[in-house]
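Worksheet: the structure to be examined is printed underneath.
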Amino acid sequence: MASTPAHSELPKLKLSPRGAARLKSGHVWVYRSDVLSADSVAPGSLVTVADSRGKPLGTALYSSASQIAIRMLSPEPVADFPGLLRRRVAEAIAYRESVVRDTNACRVIFSEADFLPGLIVDRYNDILSVQVLTQAMDANPVRETVISELSQRLNPAAIVERVDPRVRELESLPPRASGTLDGTKTSTVLTMNGIQFHFDAFEGQKTGAFLDQRENYAAAAQYAKGEALDAFCYQGGFALHFAPRCSQVTAVDSSRPALEVADRNAALNRQLLNGKEIEWIEANAFDLLKDYASSAHRYDTVVLDPPAFAKTRRDLDSAMRGYKELNLRALKMLRPGGILVTCSCSYHVSQDAFLEMLTSAAVDAHRTLRLLQVRGQAKDHPVLLGVPETAYLKCMIVYVS
Ligand code: SAH
């Protein structure tokens, strides 16, 4: 393993006053336009950052390709980088041990929120799935240290890597295939809130499941009743949690592979479902909701968990129109006293903007909405105060009369 150069030997990057102020406010990113000079700094280097006068502000990871040139690691000098990585992995695991309940699947490392910028690790029972998002985290010595610490502490049957080719291209990293890093197992069954789910390491969206909704499934299930509709159901997260409490559950997604897993998940939980069948429909949820809203279909519970509409700030206006249209349709379908569970996973849509959209949809639908719960992502996807980008998921549970 490469040893860390002494702190004084690290390349030193000076920041503009705006870049330095950003760090002082608690943020951990500095954009390229605020780096005064980074000539001849190797991609993915450990660097010392300093203000424009040369006063050190801490130690960071450098990317030569991303607009986010600097991701802070520590306000201190870092003498032993592998040691720091090991400590951070251990702290991330300890945090989950103290806040995560009722599951053997959760996010173990969430990038900036665990001070391991560019690294994501999800645990699915006995399989760990790793995603590398930056040049620094892609370096072999870093990978080796992280994998060895994860193995020692969690003793998984396998560690796999899911590669997002687009991310590697944006970071100017050479192409790399998804694959197994340790062990051979590639599928397993996980449990959350007493419900079982199939997991296949190289199938599905994200690293396999939407673990960030885990606590929201349980919270929403407390209110679910009667006839329920789960729009954008993926592998059945909400639908399976609702089924034991509802008289009928219909779930919609446009992805056939996702629905096939959803159906297998229902079979896994046959006992809990006690003979109840969930109706899985492969359809465009926007069209289906439009048809249902204008016909006689009525529900007691509706979930809306669409994909991110606003991928960038520029998409925001059309995204808000999309959310409103969707929520309006759901409100029209809900019986008086019904429950709406409505989500947005777009970071660019703030909680305030989302609630404003919902208020306006309620006015148009002539419905009264009472907010039962304002929720975000599960605690294993921590929100780091000072880094607003770590808060992205909104989940509102609303009583509709
Ligand atoms: N509620 C799910 C996650 C939903 S993610 C869970 O908790 O696991 C968004 C889902 O929307 C994905 O499964 C995707 O396949 C689906 N999707 C995207 N566009 C769609 C469309 N137009 N109609 C229906 N489903 C769509």
Expressed as a whole-number percentage, the relative contact order of the chain with C-alpha contacts under 8 angstrom and at least six residues apart is 11
Any idea how far the Cα center of the stretch 193-227 sits from the one of the stretch 362-378, in Å?
-> 21
Can you send over the solvent-accessible area of C246, 1.4 Å probe, protein chains only, in Å² to the nearest 10?
-> 0
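Taking K and R as +1 and D and E as -1, what net charge do the other residues with C-beta under 15 Å from the C-beta of E260 add up to? Before the final figure, lay out the partial values.
Values: positive: R256, R264; negative: D200, E203, D253, D263, E279, E282.
Net of charged neighbours comes to -4.
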What whole-number value in Å² describes the accessible area per residue of the chain for a 1.4 Å probe?
-> 44
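At a 1.4 Å probe, what is the % contribution of carbon and sulfur to the accessible area of the chain? Can you show the working numbers first?
Working: 8920 of 17760 Å².
Accessible surface attributable to carbon and sulfur in the chain totals 50 percent.
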Top of G83, G44, G338 by mean-square fluctuation, Gaussian network on the chain, Cα under 10 Å | G83
Model label zone, N104; criterion: amide N under 20 Å from point 7 Å along Cα-to-beta-carbon; scope the stretch 220-249 | 237, 241
Leading residue at positive end of dipole, the chain (Cβ point charges), from Y323, A308, L371 | L371
Label 7 Å along Cα→Cβ of L272; the stretch 90-113 residues with amide nitrogen under 14 Å?
-> 102-105
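Please give the net charge around T59, taking every other residue with its beta carbon less than 13 angstrom from that of T59, where Lys and Arg add +1 and Asp and Glu add -1. Don't skip to the end; give the middle numbers.
Values: positive: K12, R71, R88; negative: E9, E76, D80.
Net charge around T59: 0.
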Grab the alpha carbons of the stretch 67-150, take their convex hull, and tell me the volume per residue in Å³.
-> 100
Note down the nm distance, to one decimal, between modelled labels 7 Å out along Cα→Cβ at E325 and at T368.
-> 3.1
Cβ-defined net charge surrounding A50, 11 Å radius [Lys, Arg +1; Asp, Glu -1] = +3
At a Cα cut-off below 12 Å, give the aspartates and glutamates reachable from K12, other chains included and same-chain residues fewer than 8 away excluded.
-> D39, D51
Using a Gaussian network for the chain with springs between C-alpha atoms less than 10 Å apart, which of these wobbles most: A228, A177, A201?
-> A177
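Which value in deg cm²/dmol, rounded to the nearest 500, describes the helix-derived mean residue ellipticity at 222 nm for the chain, given -39,500 (n - 2.57) per DSSP H run of n ≥ 4 and division by the residue count? Walk me through the intermediate numbers first.
Numbers: 12 runs with 126 residues, N = 401.
One gets -9500 deg cm²/dmol as the mean residue ellipticity at 222 nm.
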Just report the Cα centroid separation between the stretch 154-182 and the stretch 62-132, whole Å.
-> 15
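Over the stretch 169-267, what is the mean sequence separation of C-alpha contacts under 8 Å (at least six apart), divided by residue count, expressed as relative contact order in percent? Spell out each step's value before the answer.
Details: 115 pairs, mean separation 20.6, N = 99.
For the stretch 169-267, the relative contact order is 21 percent.
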Quick one: compute the contact order of the stretch 218-353, relative version, from alpha carbon pairs under 8 angstrom and 6+ residues apart, as a percent.
-> 25
Hey, can you rank 169-175, 301-307 by average C-beta count inside 10 Å, highest first?
-> 301-307, 169-175
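The values are calculated or read from the model by the stated rules, or taken from the named source; none is laboratory data. Predicted model only: the values in this text are computed from it and were never measured. Positions of Cβ are generated from backbone atoms using ideal geometry, with glycine treated the same way; all protein chains shown enter the neighbour counts. These area figures cover heavy atoms from the full protein model, side chains too; ligands, DNA and RNA do not enter into them. Shrake-Rupley method; radii C 1.70, N 1.55, O 1.52, S 1.80 Å.
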